Amino acid sequence: MSITVIYPGTFDPITNGHTDIVVRAARIFQRVVVAVAGSTSKHTVFSPEERIELAKSALSAVGNVEICRFDGLMADCAREKNATVILRGLRAVSDFEYEFQMASMNHKLIPEADTLFLTPAEQFAFISSSLVREVASLGGSVGDFVCPAVENALMRCLPGQRRPIE
C-alpha cells in the first residue's frame with residue numbers, strides 16, 4: 001500500500017529541523033509532499049516561490065519528496081495530493097497545544113487523514129524559522145541551522161546581515 005504524507009507549513013525559511021523531519025518521513029512513507037503555504041496571515045520574508053525554491057535546494061537529495069504551493073485550506077491540498085497522513089513537527093511541549101488544535105480541526109475538515117507528529121533530532125529541537133530570521137537579521141551566523149542556499153538567501157535579503165568581502 002502506497003501512503004502519501006503531506007507536511008504543510010510556511011517554511012520561511014526551511015530549517016535543518018524541517019529537513020530532518022522530511023528525511024525521516026521519507027524513510028517511512030512512499031511519498032512526502034512538502035506543501036508551502038502561499039496565502040498566510042504571517043508576514044513572510046520570502047515569497048512563496050522563493051520558499052519553494054529554497055525547500056527544493058534543502059531537500060534535493062531526497063528522492064521521494066514533492067514540493068508544492070497551496071493556497072487556502074491545507075485539507076484541499078491534501079485531498080488533491082491523495083495524502084492520508086498529515087505530518088507536523090513538535091519541538092517542545094509549548095508547540096503541543098497549537099498543534100493539537102490544528103490536528104482536531106484538520107480531522108473535521110479531512111476525516112480520511114490522520115495527523116502524525118514527529119520530533120526533530122535533538123540538535124535541531126530548538127530551531128525555528130522565526131529564530132533563524134532574527135539571528136540572521138542581527139548579523140549572526142545561521143549556517144548551523146539552515147542549508148547553504150537558505151543562508152545565502154538570508155544574507156541577501158535581511159538588513160543587518162554581514163556581506164561577504166568581494
Mind checking which residues of region 49-97 are among the aliphatic types (A, V, I, L, M), touching an Asp or Glu at 6+ places or on another chain (Cβ under 8 Å) and surrounded by fewer than 21 Cβ atoms within 10 Å (Cβ to Cβ)?
-> VAL85, LEU90
Members of region 119-149 found to be touching a Gly at 6+ places or on another chain (Cβ under 6 Å) and hydroxyl-bearing (Ser, Thr, Tyr), listed by number | SER137
Per the filter on region 24-56, residues without any contact (Cβ under 8 Å) to a residue 60 or more places away in the chain, in a helix (DSSP H, G or I), within 16 Å of LEU116 (Cα to Cα) and touching a strand residue (DSSP E or B) at 6+ places or on another chain (Cβ under 9 Å) are ALA26, ILE28
Evaluate region 60-79: report whether one residue or more is out of contact with any strand residue (DSSP E or B) (no Cβ under 8 Å at 6 or more places or on another chain), of a type in the set (S, T, N, Q), under 23 Å from VAL132 (Cα atoms) and part of a helix (DSSP H, G or I).
-> no
Among the candidates LEU109, LEU87, single out the residue that is farther than 20 Å from VAL32 by Cα and either at pLDDT 95 or above or of a type in the set (Ser, Thr, Tyr) (or both).
-> LEU109
Looking across region 91-127 at residues that are of a type in the set (S, T, N, Q) and over 18 Å from ARG24 (Cβ atoms), the single one that is farthest from the chain's Cα centre (by Cα) is SER104
Taking PRO120 as the residue in question, decide whether it is assigned to a loop (DSSP other than H, G, I, E, B), touching a helix residue (DSSP H, G or I) at 6+ places or on another chain (Cβ under 7 Å) and not β-branched (Val, Ile, Thr).
-> yes
State yes or no: is VAL45 hydrophobic (A, V, I, L, M, F, W, C), closer than 21 Å to VAL132 by Cβ and modelled with pLDDT under 95?
-> yes
Tell me, yes or no, whether region 137-157 has at least one residue that is polar (S, T, N, Q), part of a loop (DSSP other than H, G, I, E, B) and touching a residue at least 24 places away in the same chain (Cβ under 8 Å).
-> no
Residue that is farthest from SER137 (Cα to Cα), among those in region 1-20 that are buried (at least 17 other Cβ atoms within 10 Å of the Cβ) and out of contact with any Lys or Arg (no Cβ under 9 Å at 6 or more places or on another chain) = ASP20
Note: among SER104, SER128, just one is hydroxyl-bearing (Ser, Thr, Tyr) and at pLDDT 95 or above, namely SER104
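The values are calculated or read from the model by the stated rules, or taken from the named source; none is laboratory data. All values reported here derive from a predicted model rather than from experimental measurement. Positions of Cβ are generated from backbone atoms using ideal geometry, with glycine treated the same way; all protein chains shown enter the neighbour counts.
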